[in-house]
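The values are calculated or read from the model by the stated rules, or taken from the named source; none is laboratory data. Everything numeric in this text was worked out from a predicted model, so none of it was measured. Every residue, glycine as well, gets a Cβ built from its backbone with ideal geometry; the counts of neighbours run over all protein chains shown.
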Amino acid sequence: MPGIFASVRINNPLGLIIFLVVWILACEFAHVLVMLWRHERPLGWAVGPFGITIMYLHEPSLFYIWLNVLCPAFVSGTVLYFGLFTSLSPVTLPHHPLVEFFCIFCGLVLSSTMDVIQAIRDVFYPLWGDARVLRNIQLLRAGWAKIHFTSFGQSYVLTHFRSNPTELLRAF
């Protein structure tokens, strides 16, 4: 075990950067697929530095809350294993079970911590309707996301807040 870190080598720095980008994009793609699988009419969507978010009016069911945690975690673990411990790896790591467990565990913690926190928040402090829309807009605006409303979202904002989306976004 003492020579484990001495045997770690980066064979391809560009490949390592590409691997990290693929890992992040695969996790984000899994999130978007789970959100789109809900079969509800979205109010809008946002693109920001923390990913893509689709805004819905109703609180998701418990099944979708935890599916949004488990599916991206599974994708993350799979990409990490195939990207770090196969012949495609840009990094040479020792094939020791503890090293594999530690690398995949750390990657899962990095990629899934916020998902678990959001799931716990949605389970214990559920919001729906106008409060959910306003909280989502506030969180997205705080994260410098660009918010786009669908036609359903524009009509919802007009009927429930008596303003257009541009005025609503300026209020935050």
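Listed by position, the helices (runs of 4 or more DSSP H) contained in the range 102-172 that have at least 3 residues being under 15 Å from THR53 (Cβ atoms) are 130-142. Residue count for the range 122-145 under the criterion of being out of contact with any helix residue (DSSP H, G or I) (no Cβ under 9 Å at 6 or more places or on another chain) and either β-branched (Val, Ile, Thr) or touching a residue at least 60 places away in the same chain (Cβ under 8 Å) (or both): the result is 6. Please work out if ALA119 is in contact with a Ser or Thr (Cβ under 9 Å, 6 or more places away or on another chain) and either in contact (Cβ under 8 Å) with a residue 60 or more places away in the chain or surrounded by 13 or more Cβ atoms within 10 Å (Cβ to Cβ) (or both). No.
Summed over the range 41-59, the residues that are surrounded by 14 or more Cβ atoms within 10 Å (Cβ to Cβ) and at pLDDT 85 or above give a count of 11. A single entry from THR159, THR150, THR166 fulfils the requirement of being among the hydroxyl-bearing types (Ser, Thr, Tyr) and either within 30 Å of LEU70 (Cβ to Cβ) or surrounded by 15 or more Cβ atoms within 10 Å (Cβ to Cβ) (or both): THR150.
Would you check if there is a residue in the range 125-146 being among the acidic types (Asp, Glu) and within 17 Å of the chain's Cα centre (by Cα)? Let's see the steps before the verdict.
Here is the first cut: in the range 125-146, the ones among the acidic types (Asp, Glu) are 130.
Okay, now just the ones that are also within 17 Å of the chain's Cα centre (by Cα), so none.
Looking through the range 125-146, none of the residues is among the acidic types (Asp, Glu) and within 17 Å of the chain's Cα centre (by Cα).
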